[in-house]
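Report on the structure given below.
The values are calculated or read from the model by the stated rules, or taken from the named source; none is laboratory data. Quick caveat: nothing in here was measured; it's all calculated off a predicted structure. Please note: Cβ atoms are built from the backbone with ideal geometry, for glycine as well, and neighbour counts cover all protein chains shown.
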Amino acid sequence: MAHWHDGPAALRVGTDPTRIPLEVAASYRARTRGLLGRDGIEGAMLLTPAASVHTFRMRFAIDVAYLDRNLRVLDVVTMAPGRIGLPRPRARHVLEAAAGAMAGWGLTAGTTLDVDTA
């Protein structure tokens, strides 16, 4: 996808046809706000472009997947509130979800994701 826009979308993990609710945060304002001030999230949030995240002022732990330009997962970590994630040099996007969600989706390093914005 050449141009990302803020708004709803759907995420597919690997070849699984299940569509996971996704919020795209592509503008500076949306990326800065992210999941701050929320008590949880249904599905996931895609921050683009992004190479790292922090969890200061977050109310819950999150799973973080660092993605390359082709939406291939480089790494998956769980972050407690009040932490700074190290930047990943090849990361172009960051996917956030409630802690434990990504394991439930079978999302691991090397998995390719697909985003449907239609």
Among the numbered criteria (1) modelled with pLDDT of 95 or more; (2) in a helix (DSSP H, G or I); (3) surrounded by fewer than 16 Cβ atoms within 10 Å (Cβ to Cβ), which single criterion is violated by residue 32?
-> (1)
Within the stretch 7-29, restricting to residues that are surrounded by 13 or more Cβ atoms within 10 Å (Cβ to Cβ) and either of a type in the set (Asp, Glu) or at pLDDT below 95 (or both), the one that is farthest from the chain's Cα centre (by Cα) is 16
Spot the failing condition for residue 94; the list is (1) touching a residue at least 40 places away in the same chain (Cβ under 8 Å); (2) surrounded by fewer than 15 Cβ atoms within 10 Å (Cβ to Cβ); (3) in contact with a Lys or Arg (Cβ under 9 Å, 6 or more places away or on another chain), and only one is missed.
-> (2)
Where residues in the stretch 56-72 are of a type outside the set (A, V, I, L, M) and modelled with pLDDT of 95 or more, which of them is nearest to residue 13 (Cα to Cα)?
-> 72
Here are some residues: 89, 49. Which one is at pLDDT below 95 and loosely packed, with under 14 Cβ neighbours inside 10 Å?
-> 89
